[in-house]
Amino acid sequence: MEPFQYHRPGTLSEALRLLQNHGGEARPLAGGQSLMPLLAEGILAPQVLVNLVDIPEMRELSWSDSGGLSIGAVVTQRNLELSPLVQARLPSLADAVSKVASVPVRNLGTLGGNLCHAGPGADPPAILMALNSSLRISGPTGERVLPVEDLFVGPYENALAEGEVLLAIQVPPMPAGAKAVYLKHSVRAIDPAIVGIGAMVQVRNGLVREARIGMVGAGPRPVRARGAEEALRGRPFDEDSIRNAAQAAAAEAEPLTDGYASAGYRRKMVAVFVRRALEKLRVTM
Amino acid sequence: MKHLIKLTVNGEEYEVAIEPNRSLLDVLRDDLELTGTKKGCETGDCGACTVVLDGKTVNACLILAVSANGKSILTIEGVAQGGKLHPVQEAFIEHGAIQCGYCTPGMILSAKSLLEENPRPTEWEVREAIAGNLCRCTGYVKIVKAILAVAEEMAKAPVA
Ligand SMILES: Cc1cc2nc3c(=O)[nH]c(=O)nc-3n(C[C@H](O)[C@H](O)[C@H](O)COP(=O)(O)OP(=O)(O)OC[C@H]3O[C@@H](n4cnc5c(N)ncnc54)[C@H](O)[C@@H]3O)c2cc1C
Ligand code: FES
Ligand code: FES
(Lines give C-alpha, C1' and ligand atoms only; values in the text may rest on other atoms or scores of the structure.)
(Ligands and ions follow the chains in the order given, each with its own letter.)
Protein backbone atom coordinates (compact mmCIF):
# COMPACT_ATOMS: atom_id res chain seq x y z
CA MET A 1 0.00 0.00 0.00
CA GLU A 2 1.40 3.39 -1.00
CA PRO A 3 1.37 6.09 1.69
CA PHE A 4 -1.60 8.45 1.89
CA GLN A 5 -3.07 11.07 4.16
CA TYR A 6 -6.09 9.85 6.10
CA HIS A 7 -9.02 12.04 7.10
CA ARG A 8 -12.17 11.15 8.96
CA PRO A 9 -14.46 14.19 8.75
CA GLY A 10 -17.51 14.44 11.00
CA THR A 11 -19.61 16.53 8.63
CA LEU A 12 -20.59 16.47 4.97
CA SER A 13 -19.29 19.99 4.31
CA GLU A 14 -15.90 19.06 5.73
CA ALA A 15 -15.76 15.93 3.55
CA LEU A 16 -16.69 17.89 0.42
CA ARG A 17 -14.09 20.54 1.24
CA LEU A 18 -11.37 17.88 1.67
CA LEU A 19 -12.30 16.17 -1.60
CA GLN A 20 -12.38 19.48 -3.46
CA ASN A 21 -9.09 20.77 -2.02
CA HIS A 22 -7.21 17.68 -3.13
CA GLY A 23 -8.91 17.36 -6.53
CA GLY A 24 -8.27 14.08 -8.29
CA GLU A 25 -5.72 12.99 -5.67
CA ALA A 26 -8.39 12.36 -3.05
CA ARG A 27 -10.76 9.41 -2.87
CA PRO A 28 -13.71 8.66 -0.62
CA LEU A 29 -13.46 5.59 1.63
CA ALA A 30 -16.54 3.84 3.01
CA GLY A 31 -16.32 0.21 4.18
CA GLY A 32 -13.13 -0.41 2.19
CA GLN A 33 -14.30 -3.83 1.02
CA SER A 34 -13.62 -3.01 -2.61
CA LEU A 35 -11.08 -0.25 -2.15
CA MET A 36 -8.69 -2.08 0.22
CA PRO A 37 -7.74 -4.86 -2.23
CA LEU A 38 -7.11 -2.22 -4.91
CA LEU A 39 -4.87 -0.26 -2.53
CA ALA A 40 -3.10 -3.40 -1.32
CA GLU A 41 -2.30 -4.47 -4.86
CA GLY A 42 -1.22 -0.96 -5.87
CA ILE A 43 -3.90 -0.69 -8.57
CA LEU A 44 -4.99 2.57 -6.95
CA ALA A 45 -2.68 4.92 -5.07
CA PRO A 46 -4.62 8.01 -3.98
CA GLN A 47 -2.71 10.60 -1.96
CA VAL A 48 -5.65 11.33 0.31
CA LEU A 49 -8.39 9.11 1.70
CA VAL A 50 -11.54 10.68 3.11
CA ASN A 51 -13.44 8.25 5.33
CA LEU A 52 -17.16 8.99 5.05
CA VAL A 53 -18.48 6.66 7.75
CA ASP A 54 -19.04 9.33 10.43
CA ILE A 55 -21.11 11.70 8.28
CA PRO A 56 -24.56 11.87 9.94
CA GLU A 57 -26.62 12.34 6.73
CA MET A 58 -24.98 9.26 5.24
CA ARG A 59 -25.76 7.07 8.25
CA GLU A 60 -29.54 7.51 8.25
CA LEU A 61 -32.00 4.76 7.36
CA SER A 62 -35.56 6.03 7.34
CA TRP A 63 -38.99 5.50 5.84
CA SER A 64 -41.71 7.94 4.78
CA ASP A 65 -45.00 6.88 3.19
CA SER A 66 -44.56 9.35 0.35
CA GLY A 67 -40.84 9.00 -0.41
CA GLY A 68 -40.27 5.40 0.66
CA LEU A 69 -36.95 4.19 2.02
CA SER A 70 -34.01 6.53 2.31
CA ILE A 71 -30.73 4.66 2.75
CA GLY A 72 -27.70 6.71 3.73
CA ALA A 73 -24.74 5.82 1.53
CA VAL A 74 -22.66 4.38 4.40
CA VAL A 75 -25.37 2.11 5.82
CA THR A 76 -23.81 -1.36 5.72
CA GLN A 77 -25.24 -4.15 3.62
CA ARG A 78 -25.53 -6.31 6.74
CA ASN A 79 -27.57 -3.66 8.57
CA LEU A 80 -29.92 -3.40 5.58
CA GLU A 81 -30.34 -7.16 5.37
CA LEU A 82 -31.19 -7.41 9.09
CA SER A 83 -33.28 -4.22 9.34
CA PRO A 84 -36.88 -5.01 10.38
CA LEU A 85 -37.93 -1.86 8.51
CA VAL A 86 -36.40 -3.02 5.22
CA GLN A 87 -37.61 -6.59 5.73
CA ALA A 88 -41.17 -5.33 6.23
CA ARG A 89 -41.34 -2.68 3.49
CA LEU A 90 -38.99 -3.96 0.79
CA PRO A 91 -38.24 -7.63 1.49
CA SER A 92 -36.79 -8.13 -2.00
CA LEU A 93 -34.10 -5.55 -1.21
CA ALA A 94 -33.23 -7.15 2.15
CA ASP A 95 -32.96 -10.49 0.37
CA ALA A 96 -30.83 -9.10 -2.49
CA VAL A 97 -28.23 -7.51 -0.20
CA SER A 98 -28.02 -10.76 1.79
CA LYS A 99 -26.66 -12.34 -1.43
CA VAL A 100 -23.58 -10.09 -1.43
CA ALA A 101 -20.30 -11.88 -0.60
CA SER A 102 -19.99 -13.07 3.02
CA VAL A 103 -21.07 -11.87 6.46
CA PRO A 104 -17.70 -10.15 7.18
CA VAL A 105 -17.77 -8.29 3.84
CA ARG A 106 -21.38 -7.21 4.44
CA ASN A 107 -20.57 -6.14 8.01
CA LEU A 108 -18.26 -3.41 6.72
CA GLY A 109 -19.30 -2.95 3.08
CA THR A 110 -21.84 -0.20 2.48
CA LEU A 111 -24.59 0.00 -0.13
CA GLY A 112 -23.18 3.33 -1.36
CA GLY A 113 -19.71 1.84 -1.72
CA ASN A 114 -21.06 -1.13 -3.60
CA LEU A 115 -22.85 1.14 -6.12
CA CYS A 116 -19.93 3.58 -6.53
CA HIS A 117 -17.48 0.71 -7.06
CA ALA A 118 -19.62 -0.30 -10.08
CA GLY A 119 -18.39 -3.89 -10.14
CA PRO A 120 -19.92 -5.76 -13.12
CA GLY A 121 -21.24 -8.67 -11.00
CA ALA A 122 -22.56 -6.60 -8.07
CA ASP A 123 -25.98 -7.70 -6.80
CA PRO A 124 -27.72 -4.56 -5.49
CA PRO A 125 -27.94 -2.64 -8.81
CA ALA A 126 -30.35 -5.18 -10.34
CA ILE A 127 -32.95 -4.96 -7.58
CA LEU A 128 -32.51 -1.20 -7.13
CA MET A 129 -33.27 -0.68 -10.83
CA ALA A 130 -36.33 -2.90 -10.60
CA LEU A 131 -37.52 -0.91 -7.58
CA ASN A 132 -37.16 2.39 -9.48
CA SER A 133 -34.56 3.81 -7.08
CA SER A 134 -32.79 7.12 -7.39
CA LEU A 135 -29.59 8.52 -5.96
CA ARG A 136 -28.97 11.74 -4.08
CA ILE A 137 -25.57 13.06 -5.03
CA SER A 138 -23.83 15.91 -3.25
CA GLY A 139 -20.99 17.99 -4.61
CA PRO A 140 -19.31 21.37 -4.47
CA THR A 141 -22.17 23.02 -6.39
CA GLY A 142 -25.01 21.43 -4.44
CA GLU A 143 -27.20 18.37 -4.73
CA ARG A 144 -28.54 16.48 -7.75
CA VAL A 145 -30.69 13.41 -8.21
CA LEU A 146 -29.86 10.58 -10.62
CA PRO A 147 -31.84 7.44 -11.55
CA VAL A 148 -29.77 4.51 -10.27
CA GLU A 149 -29.19 3.08 -13.78
CA ASP A 150 -27.42 6.28 -14.81
CA LEU A 151 -24.69 5.80 -12.18
CA PHE A 152 -23.05 2.94 -14.06
CA VAL A 153 -20.83 4.08 -16.91
CA GLY A 154 -18.80 0.92 -17.38
CA PRO A 155 -16.96 -1.72 -15.36
CA TYR A 156 -15.60 0.00 -12.23
CA GLU A 157 -16.60 3.41 -13.59
CA ASN A 158 -19.33 5.61 -12.13
CA ALA A 159 -20.90 8.86 -13.26
CA LEU A 160 -19.86 10.95 -10.25
CA ALA A 161 -17.88 14.08 -11.07
CA GLU A 162 -14.67 14.91 -9.20
CA GLY A 163 -15.52 16.06 -5.69
CA GLU A 164 -18.99 14.53 -5.69
CA VAL A 165 -20.20 11.91 -3.23
CA LEU A 166 -23.22 9.66 -3.12
CA LEU A 167 -25.32 10.85 -0.19
CA ALA A 168 -28.27 8.46 -0.12
CA ILE A 169 -30.26 5.91 -2.08
CA GLN A 170 -34.00 6.55 -2.35
CA VAL A 171 -36.31 3.56 -2.92
CA PRO A 172 -39.97 4.48 -3.45
CA PRO A 173 -42.77 2.45 -1.83
CA MET A 174 -43.95 -0.56 -3.86
CA PRO A 175 -46.86 0.28 -6.19
CA ALA A 176 -50.15 -1.17 -4.90
CA GLY A 177 -50.24 -4.93 -5.40
CA ALA A 178 -46.78 -5.10 -6.95
CA LYS A 179 -44.28 -7.83 -6.10
CA ALA A 180 -40.50 -7.88 -6.51
CA VAL A 181 -37.74 -10.47 -6.38
CA TYR A 182 -33.98 -10.81 -6.91
CA LEU A 183 -32.34 -13.99 -8.17
CA LYS A 184 -28.59 -14.49 -8.21
CA HIS A 185 -26.75 -17.08 -10.25
CA SER A 186 -23.23 -17.76 -8.96
CA VAL A 187 -21.12 -20.82 -8.25
CA ARG A 188 -20.04 -19.95 -4.70
CA ALA A 189 -21.92 -17.62 -2.36
CA ILE A 190 -18.93 -15.28 -2.22
CA ASP A 191 -18.60 -14.91 -6.01
CA PRO A 192 -20.04 -11.98 -7.92
CA ALA A 193 -23.20 -12.74 -9.88
CA ILE A 194 -22.68 -14.54 -13.20
CA VAL A 195 -26.15 -13.21 -13.84
CA GLY A 196 -28.41 -11.38 -11.38
CA ILE A 197 -32.02 -10.49 -12.15
CA GLY A 198 -34.19 -8.04 -10.21
CA ALA A 199 -37.85 -7.88 -11.26
CA MET A 200 -40.88 -5.92 -10.13
CA VAL A 201 -44.33 -6.54 -11.61
CA GLN A 202 -47.69 -4.92 -10.91
CA VAL A 203 -50.85 -6.55 -12.25
CA ARG A 204 -54.19 -4.69 -12.48
CA ASN A 205 -57.43 -6.21 -13.77
CA GLY A 206 -55.57 -9.24 -15.10
CA LEU A 207 -53.04 -7.24 -17.11
CA VAL A 208 -49.47 -6.20 -16.37
CA ARG A 209 -49.59 -2.53 -15.58
CA GLU A 210 -45.95 -1.97 -14.63
CA ALA A 211 -42.89 -4.16 -15.11
CA ARG A 212 -39.30 -3.22 -14.35
CA ILE A 213 -36.40 -5.61 -14.76
CA GLY A 214 -32.79 -4.90 -13.79
CA MET A 215 -29.97 -7.15 -14.97
CA VAL A 216 -26.36 -7.56 -13.88
CA GLY A 217 -23.93 -9.78 -15.73
CA ALA A 218 -25.87 -9.08 -18.92
CA GLY A 219 -23.41 -6.48 -20.15
CA PRO A 220 -20.45 -4.35 -19.15
CA ARG A 221 -22.72 -2.48 -16.74
CA PRO A 222 -26.03 -3.10 -14.99
CA VAL A 223 -28.94 -2.37 -17.35
CA ARG A 224 -32.73 -2.39 -17.50
CA ALA A 225 -34.23 -5.10 -19.70
CA ARG A 226 -36.47 -2.66 -21.53
CA GLY A 227 -37.47 -5.08 -24.29
CA ALA A 228 -38.54 -7.64 -21.71
CA GLU A 229 -40.51 -5.02 -19.79
CA GLU A 230 -42.25 -4.05 -23.04
CA ALA A 231 -43.11 -7.71 -23.70
CA LEU A 232 -45.01 -7.80 -20.41
CA ARG A 233 -46.73 -4.41 -20.20
CA GLY A 234 -50.42 -4.45 -21.08
CA ARG A 235 -50.52 -8.27 -21.43
CA PRO A 236 -51.83 -11.00 -19.15
CA PHE A 237 -49.11 -12.17 -16.74
CA ASP A 238 -48.97 -15.74 -18.05
CA GLU A 239 -46.60 -18.35 -19.47
CA ASP A 240 -46.66 -16.78 -22.95
CA SER A 241 -45.77 -13.26 -21.89
CA ILE A 242 -43.11 -14.59 -19.51
CA ARG A 243 -41.53 -16.68 -22.28
CA ASN A 244 -41.51 -13.68 -24.61
CA ALA A 245 -39.98 -11.46 -21.93
CA ALA A 246 -37.20 -13.99 -21.22
CA GLN A 247 -36.39 -14.19 -24.94
CA ALA A 248 -36.39 -10.42 -25.28
CA ALA A 249 -34.02 -10.08 -22.30
CA ALA A 250 -31.57 -12.58 -23.79
CA ALA A 251 -31.74 -10.79 -27.14
CA GLU A 252 -31.01 -7.36 -25.69
CA ALA A 253 -28.21 -8.59 -23.37
CA GLU A 254 -24.64 -7.75 -24.38
CA PRO A 255 -22.78 -10.06 -22.01
CA LEU A 256 -19.01 -10.34 -21.64
CA THR A 257 -16.73 -13.32 -21.20
CA ASP A 258 -14.63 -13.36 -18.03
CA GLY A 259 -13.10 -15.84 -15.57
CA TYR A 260 -16.53 -16.77 -14.21
CA ALA A 261 -18.50 -17.44 -17.41
CA SER A 262 -18.57 -17.02 -21.17
CA ALA A 263 -20.77 -14.51 -22.95
CA GLY A 264 -22.78 -17.31 -24.56
CA TYR A 265 -23.50 -19.01 -21.26
CA ARG A 266 -24.47 -15.70 -19.68
CA ARG A 267 -26.95 -14.96 -22.49
CA LYS A 268 -28.64 -18.33 -21.92
CA MET A 269 -28.72 -17.73 -18.18
CA VAL A 270 -30.30 -14.30 -18.69
CA ALA A 271 -33.27 -16.04 -20.34
CA VAL A 272 -33.42 -18.73 -17.64
CA PHE A 273 -33.24 -16.35 -14.71
CA VAL A 274 -35.63 -13.76 -16.14
CA ARG A 275 -38.13 -16.57 -16.62
CA ARG A 276 -37.56 -17.96 -13.12
CA ALA A 277 -37.84 -14.53 -11.52
CA LEU A 278 -41.10 -13.76 -13.32
CA GLU A 279 -42.56 -17.19 -12.56
CA LYS A 280 -41.68 -16.72 -8.91
CA LEU A 281 -43.65 -13.46 -8.94
CA ARG A 282 -46.56 -14.95 -10.86
CA VAL A 283 -47.22 -17.75 -8.36
CA THR A 284 -47.45 -15.23 -5.52
CA MET A 285 -50.05 -13.05 -7.29
CA MET B 1 2.27 11.18 9.24
CA LYS B 2 1.77 8.66 12.02
CA HIS B 3 -1.56 8.43 13.82
CA LEU B 4 -1.81 7.50 17.47
CA ILE B 5 -4.62 4.95 17.81
CA LYS B 6 -6.15 3.00 20.67
CA LEU B 7 -7.30 -0.58 20.28
CA THR B 8 -8.77 -2.88 22.88
CA VAL B 9 -7.66 -6.35 21.84
CA ASN B 10 -8.89 -9.37 23.80
CA GLY B 11 -9.71 -7.04 26.68
CA GLU B 12 -6.29 -5.40 26.78
CA GLU B 13 -5.74 -1.80 25.78
CA TYR B 14 -3.04 -0.94 23.31
CA GLU B 15 -1.83 2.42 22.05
CA VAL B 16 0.13 2.32 18.82
CA ALA B 17 1.56 4.98 16.53
CA ILE B 18 1.07 3.85 12.93
CA GLU B 19 1.11 5.09 9.37
CA PRO B 20 -2.41 5.13 7.90
CA ASN B 21 -1.51 2.74 5.07
CA ARG B 22 -1.45 -0.29 7.39
CA SER B 23 -4.21 -2.86 7.54
CA LEU B 24 -5.55 -3.94 10.92
CA LEU B 25 -4.24 -7.40 10.04
CA ASP B 26 -0.65 -6.18 9.73
CA VAL B 27 -0.85 -4.17 12.94
CA LEU B 28 -2.26 -7.15 14.86
CA ARG B 29 0.39 -9.51 13.54
CA ASP B 30 3.49 -7.32 13.27
CA ASP B 31 3.03 -4.64 15.96
CA LEU B 32 1.01 -6.52 18.58
CA GLU B 33 2.58 -9.88 17.69
CA LEU B 34 -0.79 -11.63 17.71
CA THR B 35 -0.10 -14.03 14.90
CA GLY B 36 -3.11 -16.29 15.48
CA THR B 37 -4.94 -14.17 12.92
CA LYS B 38 -3.67 -15.44 9.57
CA LYS B 39 -2.90 -13.73 6.30
CA GLY B 40 -4.10 -15.72 3.30
CA CYS B 41 -5.09 -13.51 0.41
CA GLU B 42 -5.41 -9.85 1.47
CA THR B 43 -8.37 -9.54 -0.88
CA GLY B 44 -11.25 -10.56 1.38
CA ASP B 45 -11.68 -13.94 -0.27
CA CYS B 46 -10.36 -16.42 2.30
CA GLY B 47 -11.41 -15.29 5.80
CA ALA B 48 -8.13 -16.50 7.37
CA CYS B 49 -7.88 -13.00 8.88
CA THR B 50 -11.37 -13.00 10.46
CA VAL B 51 -11.58 -11.07 13.75
CA VAL B 52 -14.56 -9.74 15.71
CA LEU B 53 -14.74 -5.93 15.67
CA ASP B 54 -17.24 -4.38 18.11
CA GLY B 55 -19.19 -7.65 18.05
CA LYS B 56 -19.13 -8.21 14.28
CA THR B 57 -16.90 -10.46 12.21
CA VAL B 58 -14.72 -8.61 9.71
CA ASN B 59 -11.77 -9.44 7.51
CA ALA B 60 -8.83 -7.70 9.21
CA CYS B 61 -7.05 -7.39 5.85
CA LEU B 62 -9.87 -5.19 4.53
CA ILE B 63 -9.90 -2.53 7.21
CA LEU B 64 -7.27 0.10 7.85
CA ALA B 65 -5.93 0.01 11.40
CA VAL B 66 -6.63 3.78 11.69
CA SER B 67 -10.28 3.09 10.87
CA ALA B 68 -10.42 0.70 13.84
CA ASN B 69 -9.30 3.42 16.26
CA GLY B 70 -11.21 3.18 19.54
CA LYS B 71 -12.72 -0.19 18.73
CA SER B 72 -12.77 -3.43 20.61
CA ILE B 73 -11.34 -6.49 18.86
CA LEU B 74 -11.49 -10.18 19.62
CA THR B 75 -8.88 -12.40 17.97
CA ILE B 76 -8.50 -16.16 18.23
CA GLU B 77 -6.04 -15.64 21.12
CA GLY B 78 -8.88 -14.20 23.21
CA VAL B 79 -11.47 -16.93 22.62
CA ALA B 80 -10.35 -19.34 25.39
CA GLN B 81 -11.15 -17.91 28.83
CA GLY B 82 -9.00 -18.58 31.92
CA GLY B 83 -7.23 -21.46 30.23
CA LYS B 84 -10.54 -23.09 29.30
CA LEU B 85 -11.31 -23.62 25.64
CA HIS B 86 -14.55 -22.24 24.21
CA PRO B 87 -17.20 -24.90 23.41
CA VAL B 88 -16.66 -24.24 19.68
CA GLN B 89 -12.97 -24.97 20.08
CA GLU B 90 -13.74 -28.14 22.05
CA ALA B 91 -16.16 -29.29 19.36
CA PHE B 92 -13.62 -28.66 16.58
CA ILE B 93 -11.17 -30.95 18.39
CA GLU B 94 -13.76 -33.62 19.16
CA HIS B 95 -15.11 -33.79 15.60
CA GLY B 96 -11.76 -33.62 13.85
CA ALA B 97 -12.69 -30.24 12.40
CA ILE B 98 -9.38 -28.71 13.38
CA GLN B 99 -7.80 -29.71 10.11
CA CYS B 100 -5.14 -27.03 9.84
CA GLY B 101 -3.93 -23.88 11.54
CA TYR B 102 -4.64 -21.63 8.63
CA CYS B 103 -8.38 -21.52 8.30
CA THR B 104 -9.28 -22.65 11.83
CA PRO B 105 -8.96 -19.31 13.67
CA GLY B 106 -11.34 -17.67 11.20
CA MET B 107 -13.71 -20.64 11.17
CA ILE B 108 -13.92 -20.59 14.98
CA LEU B 109 -14.67 -16.87 15.14
CA SER B 110 -17.32 -17.07 12.40
CA ALA B 111 -18.92 -20.07 14.13
CA LYS B 112 -18.87 -18.39 17.53
CA SER B 113 -20.49 -15.23 16.12
CA LEU B 114 -23.15 -17.25 14.31
CA LEU B 115 -24.10 -19.17 17.46
CA GLU B 116 -24.31 -15.97 19.50
CA GLU B 117 -26.74 -14.47 16.96
CA ASN B 118 -28.57 -17.66 16.12
CA PRO B 119 -28.17 -20.47 18.70
CA ARG B 120 -30.19 -22.99 16.62
CA PRO B 121 -28.91 -22.64 13.06
CA THR B 122 -29.88 -25.00 10.27
CA GLU B 123 -27.11 -26.74 8.34
CA TRP B 124 -27.70 -24.25 5.52
CA GLU B 125 -27.33 -21.31 7.91
CA VAL B 126 -24.05 -22.76 9.17
CA ARG B 127 -22.80 -23.09 5.62
CA GLU B 128 -23.81 -19.49 4.83
CA ALA B 129 -22.10 -18.23 7.99
CA ILE B 130 -18.77 -19.77 6.96
CA ALA B 131 -19.12 -18.92 3.26
CA GLY B 132 -16.40 -16.31 3.72
CA ASN B 133 -14.00 -18.79 5.30
CA LEU B 134 -12.18 -20.80 2.71
CA CYS B 135 -10.84 -24.27 3.38
CA ARG B 136 -8.28 -24.86 0.66
CA CYS B 137 -7.73 -28.53 1.37
CA THR B 138 -9.80 -30.93 3.45
CA GLY B 139 -13.39 -29.78 3.14
CA TYR B 140 -16.24 -28.44 5.20
CA VAL B 141 -18.11 -31.55 6.31
CA LYS B 142 -16.46 -31.97 9.72
CA ILE B 143 -16.44 -28.23 10.34
CA VAL B 144 -20.19 -28.01 9.74
CA LYS B 145 -20.76 -31.08 11.94
CA ALA B 146 -18.73 -29.56 14.78
CA ILE B 147 -20.69 -26.29 14.68
CA LEU B 148 -24.04 -28.08 14.60
CA ALA B 149 -22.90 -30.25 17.54
CA VAL B 150 -22.21 -27.14 19.63
CA ALA B 151 -25.71 -25.84 18.84
CA GLU B 152 -27.18 -29.15 19.95
CA GLU B 153 -25.16 -29.16 23.18
CA MET B 154 -26.22 -25.59 23.90
CA ALA B 155 -29.87 -26.49 23.43
CA LYS B 156 -29.52 -29.30 25.99
CA ALA B 157 -27.58 -27.35 28.60
CA PRO B 158 -27.19 -23.64 27.86
CA VAL B 159 -23.64 -22.52 28.54
CA ALA B 160 -22.95 -19.10 29.99
C1 LIG C 1 -14.40 -11.25 -1.29
C2 LIG C 1 -15.40 -10.28 -1.82
C3 LIG C 1 -16.55 -10.76 -2.43
C4 LIG C 1 -17.50 -9.87 -2.94
N5 LIG C 1 -18.63 -10.40 -3.47
C6 LIG C 1 -19.62 -9.55 -3.86
C7 LIG C 1 -20.85 -10.05 -4.31
O8 LIG C 1 -21.09 -11.26 -4.33
N9 LIG C 1 -21.81 -9.17 -4.71
C10 LIG C 1 -21.61 -7.82 -4.66
O11 LIG C 1 -22.51 -7.06 -4.99
N12 LIG C 1 -20.44 -7.29 -4.22
C13 LIG C 1 -19.45 -8.14 -3.82
N14 LIG C 1 -18.27 -7.62 -3.36
C15 LIG C 1 -18.06 -6.16 -3.42
C16 LIG C 1 -18.39 -5.49 -2.14
O17 LIG C 1 -19.41 -6.08 -1.40
C18 LIG C 1 -18.85 -4.07 -2.34
O19 LIG C 1 -18.37 -3.54 -3.51
C20 LIG C 1 -18.39 -3.34 -1.17
O21 LIG C 1 -19.16 -3.68 -0.05
C22 LIG C 1 -18.24 -1.86 -1.37
O23 LIG C 1 -18.65 -1.12 -0.27
P24 LIG C 1 -17.60 -0.38 0.65
O25 LIG C 1 -18.39 0.44 1.57
O26 LIG C 1 -16.70 -1.35 1.24
O27 LIG C 1 -16.86 0.57 -0.40
P28 LIG C 1 -15.33 1.02 -0.51
O29 LIG C 1 -14.48 -0.13 -0.80
O30 LIG C 1 -14.98 1.86 0.66
O31 LIG C 1 -15.46 1.95 -1.77
C32 LIG C 1 -15.69 1.44 -3.06
C33 LIG C 1 -15.54 2.54 -4.10
O34 LIG C 1 -16.60 3.48 -4.00
C35 LIG C 1 -16.12 4.77 -3.67
N36 LIG C 1 -17.10 5.27 -2.69
C37 LIG C 1 -17.50 4.63 -1.57
N38 LIG C 1 -18.51 5.32 -0.98
C39 LIG C 1 -18.73 6.42 -1.73
C40 LIG C 1 -19.67 7.50 -1.65
N41 LIG C 1 -20.59 7.58 -0.68
N42 LIG C 1 -19.61 8.47 -2.60
C43 LIG C 1 -18.71 8.37 -3.60
N44 LIG C 1 -17.83 7.37 -3.76
C45 LIG C 1 -17.84 6.39 -2.82
C46 LIG C 1 -14.72 4.58 -3.17
O47 LIG C 1 -13.91 5.71 -3.44
C48 LIG C 1 -14.28 3.36 -3.95
O49 LIG C 1 -13.86 3.73 -5.23
C50 LIG C 1 -17.29 -8.47 -2.85
C51 LIG C 1 -16.14 -7.98 -2.23
C52 LIG C 1 -15.19 -8.86 -1.70
C53 LIG C 1 -13.97 -8.33 -1.03
S1 FES D 1 -6.33 -12.53 4.32
FE2 FES D 1 -8.11 -11.41 4.73
S3 FES D 1 -9.62 -12.51 3.71
FE4 FES D 1 -7.84 -13.56 3.12
S1 FES E 1 -7.48 -24.75 4.84
FE2 FES E 1 -7.59 -25.30 6.87
S3 FES E 1 -8.42 -27.27 6.80
FE4 FES E 1 -8.45 -26.65 4.72
### Task
Determine whether A:G112 is away from every other protein chain (no Cβ under 14 Å) and farther than 30 Å from B:T57 by Cα.
no
### Task
Looking only at region A:96-152, count how many residues are away from ligand 2 (no atom under 16 Å from the Cβ), touching a Ser or Thr at 6+ places or on another chain (Cβ under 7 Å) and closer than 22 Å to A:T11 by Cα.
3
### Message
Any residue that is more than 10 Å from ligand 1 (Cβ to nearest atom) and within 14 Å of chain B (Cβ to nearest Cβ) - is there at least one of those in region A:146-168?
### Response
no
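Is it true that some residue in region B:72-95 is within 11 Å of chain A (Cβ to nearest Cβ), surrounded by 21 or more Cβ atoms within 10 Å (Cβ to Cβ), within 13 Å of ligand 3 (Cβ to nearest atom) and not basic (K, R)?
Taking region B:72-95 first, the residues within 11 Å of chain A (Cβ to nearest Cβ) are none.
Looking for residues that are within 11 Å of chain A (Cβ to nearest Cβ), surrounded by 21 or more Cβ atoms within 10 Å (Cβ to Cβ), within 13 Å of ligand 3 (Cβ to nearest atom) and not basic (K, R), one finds none in region B:72-95, hence no.
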### Query
Quick one: in region B:61-71, which of the residues that are open to solvent by less than 30 Å² (accessible area, probe 1.4 Å) and touching a Ser or Thr at 6+ places or on another chain (Cβ under 9 Å) is nearest to ligand 1 (Cβ to nearest atom)?
B:L62
### Message
I'm checking my understanding of the structure. Among residues of region B:122-160 that are more than 23 Å from B:D45 (Cβ to Cβ) and not in a helix (DSSP H, G or I), which one is nearest to ligand 3 (Cβ to nearest atom)?
### Response
B:T122
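Looking at A:S34, is it within 13 Å of chain B (Cβ to nearest Cβ) and at pLDDT 95 or above?
Details: within 13 Å of chain B (Cβ to nearest Cβ): yes; at pLDDT 95 or above: yes.
Yes; evaluated as a whole, the condition is true for this residue.
Among helices (runs of 4 or more DSSP H) lying entirely in region A:15-87, which contain 1 or more residues that are within 16 Å of ligand 2 (Cβ to nearest atom)?
Numbers: elements: A:35-40, A:56-59, A:77-82.
Where helices (runs of 4 or more DSSP H) fall fully within region A:15-87 and carry at least 1 residues being within 16 Å of ligand 2 (Cβ to nearest atom), they are A:35-40.
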## Note on the structure
With the first residue restricted to region B:40-69 and required to be more than 9 Å from chain A (Cβ to nearest Cβ), and the second required to be among the aromatic types (F, W, Y), Cβ contacts under 8 Å at 6 or more apart or on different chains are B:G40/B:Y102; B:A48/B:Y102
### Query
Between residues in region A:21-42 that are in the same structural domain as A:G119 (by TED's automatic domain parsing) and residues that are of a type in the set (D, E, K, R) and not in a loop (DSSP other than H, G, I, E, B), which pairs lie under 6 Å by C-beta distance while being six or more apart or on different chains?
none
### Message
Can you report the number of residues in region B:46-64 which are within 6 Å of ligand 2 (Cβ to nearest atom) and not hydrophobic (A, V, I, L, M, F, W, C)?
### Response
2
### Task
Scan region B:136-154 for residues that are modelled with pLDDT of 95 or more and either within 16 Å of ligand 1 (Cβ to nearest atom) or in the same structural domain as B:C49 (by TED's automatic domain parsing) (or both) and jot them down.
none
### Task
Kindly provide the set of residues from region B:96-117 that are open to solvent by less than 40 Å² (accessible area, probe 1.4 Å), of a type in the set (A, V, I, L, M) and near ligand 3 (Cβ under 10 Å from one of its atoms), ordered by number.
B:A97, B:M107
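Yes/no matrix, rows are residues, columns are (1) within 18 Å of A:G121 (Cβ to Cβ); (2) open to solvent by 10 Å² or more (accessible area, probe 1.4 Å); (3) β-branched (V, I, T); (4) touching an Asp or Glu at 6+ places or on another chain (Cβ under 9 Å):
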| position | (1), (2), (3), (4) |
| --- | --- |
| A:R212 | no, yes, no, yes |
| A:R224 | yes, yes, no, yes |
| A:G234 | no, yes, no, no |
| A:E239 | no, yes, no, yes |
| A:R243 | no, yes, no, no |
| A:G259 | yes, yes, no, no |
## Note on the structure
The residue that is nearest to the other protein chains (Cβ to nearest Cβ), considering only those in region B:97-141 that are of a type in the set (V, I, T) and under 12 Å from the mean Cα position of the chain (by Cα), is B:I130
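Anything in region B:17-36 that is open to solvent by 20 Å² or more (accessible area, probe 1.4 Å) and part of a strand (DSSP E or B)? List them, or say none. Write out each step before concluding.
The initial filter retains those residues of region B:17-36 that are open to solvent by 20 Å² or more (accessible area, probe 1.4 Å), namely B:17, B:19, B:21-22, B:26, B:29-35.
Selection gives B:A17 alone.
The values are calculated or read from the model by the stated rules, or taken from the named source; none is laboratory data. These figures come from a predicted structure and were not determined experimentally. For neighbour counting, all protein chains shown are included, and Cβ atoms are generated from backbone atoms with ideal geometry for every residue, glycine included. Accessible surface is based on the protein model in full, side chains and every heavy atom, while ligands, DNA and RNA are left aside. Shrake-Rupley method; radii C 1.70, N 1.55, O 1.52, S 1.80 Å.
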